[in-house]
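The values are calculated or read from the model by the stated rules, or taken from the named source; none is laboratory data. Because the structure is a prediction, the values reported are computed rather than measured. With ideal geometry, Cβ positions are generated from the backbone for all residues, glycine too; neighbour counts draw on all protein chains shown.
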Amino acid sequence: MLAGLAAVVALLAFAPTASAASGGGCQLQGTANISPGLHANAQAFTYNFGGNLSGCQSSESGAPATGTVSAGQALTVGGQQFQEPTASGNGSCANSTTSGIAIVNWADGTNTVVQYTTSGAAAAVQLQGTVIASVTLPAINPAPGQPTSTTVTTTRYAGGSSLGTLAFQPPDPTACNTPAGVTQAGISGFIGLGSS
């Protein structure tokens, strides 16, 4: 479930262009933070995620091999902070569904904005998403004269889409049975992508 959140983010991030048949993939390693924590009983929750993409391979010539991906976090642009859209879901430690918008910043300075959904059971989560043109982020406590928002525009893999499965690893497997529940989990795996 938790993995779904993050997995979707990264997986969708490396979606190849839709103008021609192409494919590729990346290794994802990251962490998701959930509130309120996941328990045995289903409930609504929000989360944020941040991770690294590495070892990326693509049939697109010159595509970067690394990048970072985030959802629901504070993004710093020009020294100022802006809030990414809150990612949300509904479910329990056993199964869940989520949705959100992830932003990938590639090593060459290009960006990919991905709108995604996930559906998962236990540690395995299926995700799918579509690369969208842009997302506008509100400023966090802007000072007088500072911008009140910024727009992140997709400059790589426009029109792409992706599917994948990842696994999540809570620090404490028994946390589902505690009052706090599972509030954090590591996300890792390989994401395959393609388009035609």
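Tabulated results
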| item | result |
| --- | --- |
| Lone unmet requirement of (1) closer than 23 Å to P179 by Cβ; (2) at pLDDT below 95; (3) assigned to a strand (DSSP E or B) for G30 | (1) |
| Residue satisfying all of: in segment 103-118; more than 17 Å from G30 (Cα to Cα) and of a type in the set (S, T, N, Q); surrounded by the most Cβ atoms within 10 Å (Cβ to Cβ) among these | T112 |
| T136 of a type in the set (V, I, T), within 25 Å of A65 (Cα to Cα) and exposed (fewer than 15 other Cβ atoms within 10 Å of the Cβ) | no |
| Number of the condition not met by T153 [criteria: (1) modelled with pLDDT of 90 or more; (2) closer than 29 Å to N41 by Cα; (3) among the β-branched types (V, I, T)] | (2) |
| Those residues of segment 74-97 which are in a loop (DSSP other than H, G, I, E, B) and crowded, with 17+ Cβ neighbours inside 10 Å, in sequence order | E84, P85, S92, C93 |
| Elements of type strands (runs of 3 or more DSSP E) in segment 98-193, at least 2 residues being free of Cβ contacts under 8 Å to residues at least 60 places away in the same chain and out of contact with any Cys (no Cβ under 7 Å at 6 or more places or on another chain) | 111-121, 134-138, 149-153 |
| Residues of segment 162-186 classified as farther than 18 Å from H39 by Cα and crowded, with 20+ Cβ neighbours inside 10 Å, total | 3 |
| Enumeration of residues in segment 103-150 that are touching a Pro at 6+ places or on another chain (Cβ under 8 Å) and either within 22 Å of G51 (Cβ to Cβ) or modelled with pLDDT under 95 (or both) | W106, A107, D108, T110, V135, L137 |
| Test: S195 is polar (S, T, N, Q) and modelled with pLDDT of 90 or more | no |
| Selected residue (criterion: farthest from G30 (Cα to Cα)) from residues of segment 51-73 that are part of a strand (DSSP E or B) and among the polar types (S, T, N, Q) | S58 |
| Selected residue (only one of G89, G37, G100 is over 18 Å from L137 (Cβ atoms), at pLDDT 90 or above and touching a Pro at 6+ places or on another chain (Cβ under 9 Å)) | G37 |
